[in-house]
1. May I ask you to derive the FRET efficiency for B:V556 and B:E516 from their Cβ-Cβ distance with R0 = 56 Å, giving the value to the nearest 0.05?
2. How big is the B-A contact in terms of buried accessible area, both chains counted, 1.4 Å probe, rounded to the nearest 100 Å²?
3. On a 0 to 90 degree scale, rounded to 10, what angle separates helix B:151-181 from the longest Cα axis of chain B?
4. Share of segment B:1-185's accessible area from carbon and sulfur, percent, 1.4 Å?
5. Which of these, A:K16, A:K85, A:K102, has the largest mean-square fluctuation under a Gaussian network model of chain A (Cα springs below 10 Å)?
6. Separation between the A:S222 and A:A139 pseudo-spin-labels, each 7 Å from Cα along Cα→Cβ, expressed in nm?
7. Multiplying the sequence separation of A:V19 and A:Q229 by 0.36 nm and subtracting their Cα-Cα distance, what value in nm do you get?
8. For each pair in B:K466/B:K519; B:K352/B:K502; B:K392/B:K466; A:K6/B:K661; B:K434/B:K498, compute the distance between the two Cα atoms and list the pairs where it is over 30 Å.
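The values are calculated or read from the model by the stated rules, or taken from the named source; none is laboratory data. Small disclaimer: the values here were computed from a predicted structure and weren't measured. Every residue, glycine as well, gets a Cβ built from its backbone with ideal geometry; the counts of neighbours run over all protein chains shown. These accessible areas exclude ligands, DNA and RNA; they are computed on the full protein's heavy atoms, side chains included. Shrake-Rupley method; radii C 1.70, N 1.55, O 1.52, S 1.80 Å.
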Amino acid sequence: MQIAVKNISKDFGKKKTAVHAIKDISLEVEQGEFLGIMGPSGAGKTTLLNMISTNARPDHGQIIIDGLDLTQFHDRDQAKYRRNKMGFIYQSFELLDSLNVKENVILPLALNRSNKKLIEERFTYMMNLLNIEELSGRAIDELSLGQRQIVAAARALINNPEILFADEPTGSLDSKSATILLNYMQMINQKERTTILMATHDAFTASYCSRVIFVKDGVVFSEIVNPGQRDKFFEQIINMQRTIGGGDYFNVSQNY
Amino acid sequence: MYRKIIRRSLSNMRDSYLIYILACSFAIGVFGILISMGDNPSLRNALRLWDTFIYDITVTMSGLFAFCAFVYMIYVGGFFIKQQRNEFLTFEKLGMPRWILVAIGFFQTAIVQALAWLIGIGLTLIFQKFMGMMLFYLMGVRFNFAMHISLNDLWLLLEIFVFSTLVLSIINAIKTMRILQKKQRKVIIKTRWWLRIPAGAFGILLLFSAQICTFYLFKDMRMISYSSKPLIEIVYIMGADIFGTYLVYFGFLPTILNVMQKIHSVAYSGVNIFSFKYMKERLFQNISILWFVTELSALALALLTFCYFGYQAVHQNYNSAYPFELAANKDTVKVIREELQKNNAKIKGRYKTEVKINLVSYYSKSNESYVRQPMTFMSYSAYKSLPKRMRKGNSKINSHQFLKIDYNSSLMYNNPTSEHNIEVKNAPMIQDAKMGYSFPYGSSMHFGPMMIVPNKYYQKMPAEVKDTFYGWDFKKGDRLSHDQLERLGGYRDAYYMKVDFKSSLEKSNIEVMKKEPNKYEAATYTQAGFLRQGNLKKRFNQGGGFYLFIVALFSVALLVALGSVLTLRVLLRDDYQSRQLRTLQKIGVEESEIKGIVRRENTLTFLIPIIFALIQSYTSIAMFDFGHHMSKNIILIYGGYVVLYSLFGVISYQVSWRGVKQKFNL
């Protein structure tokens, strides 16, 4: 077991008007697992993901990764851990407009002060792996949304993260770009044994996962394990979405 | 709904608004104090000596101050509207009528201005007494400063408030309108390296040449009375500094950052990969402001330099003209002593020195001509027995050396350090004499130059006229009444010397006349009977204090204006710039590293203008050519300015970091 989340909770707002975003959630994630976190908008998916990735601190509970309780870490150590062990893909890409594609991709390595040779090697490898060699000198403004997300994925993966966090990675993409990205993610999950935690409200996107947990009103409502067949898994996800409310067949991509 | 929009935008930019409101309040407060001080009854009563001068100056200064503050408000007030650009455009897209957005811009400004005026008037009321007391303290006046604001002043303040708020609100409403009309934003900054690189190189060349020219100016300033070279140099230095600085900001600094960014071994290390580009972007955005602040800082420093040296010049002239509170010669000493006995003046120190007057002839280096004139001679031991202040501006001499004290030695331009071959009637020629400008007993006691000579020389030399000078220092003044002074009026001139120059000095002689000649001839000299500091001392101290008060007030106001402009430029980042810092945090950049980026940005914004301003203002020191002995005070003045300026840098950094951190927690 790589990640153990124990009884975490998180409130937002002041005492009287506080919103309980996460209420006493516990879960475990194995190494190399592709875990989906689903739920309707406002269910607490992103909050849960942010807490596991140390981008937000829980009010209560523990987050243990590789045997280390990250909630006890100082902000500075959390940032270091985040930089070395984790990769991030966001719906809004979070690319730095002032940097070009290459600079965006190599950013995590540069931040780690890796040597130039390693930077160039890893960059070439990632660009080949994701098949985006021709984008390397381009400015971010010149890329399509799909290309931006692939670049964001390349940045997330360049320093071989042990855990990849993806928050609605296909949210801004058309179905074709979404499929390409998801295939890459699956490939990385299988080839590099990278653990992936992905928050999504889209059943098609979730069907790439090996397990999906459903969050509603800040608690884990249910979970489904991929039986090995994606179409069957997809049906199960849709049914569960129907049960909890917040998803239906209209979320299904035409490409499926 | 509209009230909510205004409230939210005021709350979102509260740090920036707070700085702006405080800066405006300070300006309004100072303006209110100046305007109300002019017709304050206690000021009028305490400073009768100055008649309407103080009132005229405070009114003029408050007018000048109001104008500068108004320009500042127009310029800086526009930052906030610019910052709300995206918000206004979104509201318009959502269907909000344009006139409502314009009205929001108008009322927002009006609210902020009203708040600033409210605090400003409050500051006037609270600090008027304090500032008045400070003015009295600086002027050395012992008088109770009573707080007073006349109805006229209040009405005037109210009128200015209404007028300025209306104008500023209309200007910001127009700015809002223009934002809505020009929807396309010029986001892309053209790098144009083909222009920036040569421009930057030329800028550096200009600044470098200005520094070399400044070096020459130090030498050439003494020629200003007869050569146009120093003036040409000053004009060149000013032009080269002003344009050179802009070109350096436009081309050189971005090029340096660009080069750093291209060196992968440097750029691909830590946050440098981001910070070089980020800072370059911020630099591109702020070139004009940085330049503007640099030039105004240089101007402020130059003004402080001029003021300092100007004050020094007046102070020195005063001191060299009136070193004793009261001075007299042998003809007037008796009557003055009698008057002093009558009013029980407390004498702190009394001095008496014998002098000889003889004829001399020499070639004057400063006038570049031969001079024949009477000269007062004093022995070395008599000179040394006088208080040290009498020798302040003179070269140091030993008991075997000669010292010539002359009016020509001015504060502004260095005279030759020595004079040679001075012929003295019936005495050995003086081969070499050092120079000075501090006359013992005051320059006004002397009709011409004087010479300090070795004791032996003095004893042996003949005299055309013999005299004795007397000097007194008092505790709390000489207490001479108006009537006493009227009685002493007849003794102002002790005697007159008519010189009859012949073919040689030996044949020439001086005729002493007790009565004023009916017809003054070129060779007639007057020996002063007595000299009194009296009212002049009071006037000098009060004038100096008032001058110091005004200069300090304006310097601080300028500093507040410049500091707040820079702080607001740092704080009012574009949304996407703040977002980028947040992205860095999300992908694992430590807070300390992001703090480092904010620190670098602040350093770039604050440090560079002050460095360039200091370099430029150095020229103003060169214009006075004082040499190194004056530099300590100037360093203190400059140091004070830099410390206060840095204070803004530190505050700006703290507030800026607070703003960034707040966004991290969202």
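1. With a Förster radius of 56 Å, E is 0.60.
2. Values: alone 33470 and 12150 Å², together 43280 Å².
Answer for the B-A pair: about 2300 Å² buried.
3. Taking the Cα atoms of chain B, the angle to B:151-181 is about 40 degrees.
4. Values: 6810 of 9750 Å².
Using a 1.4 Å probe with all protein chains present, segment B:1-185 comes out at 70 percent carbon and sulfur.
5. Of the options given, A:K16 has the highest mean-square fluctuation.
6. Distance between the two pseudo-spin positions: 5.0 nm.
7. Numbers: separation 210, 0.36 × 210 = 75.60 nm, distance 3.81 nm.
Additional length available on full extension: 71.8 nm.
8. On the way: B:K466/B:K519 25 Å; B:K352/B:K502 34 Å; B:K392/B:K466 26 Å; A:K6/B:K661 28 Å; B:K434/B:K498 28 Å.
Beyond 30 Å: B:K352/B:K502.
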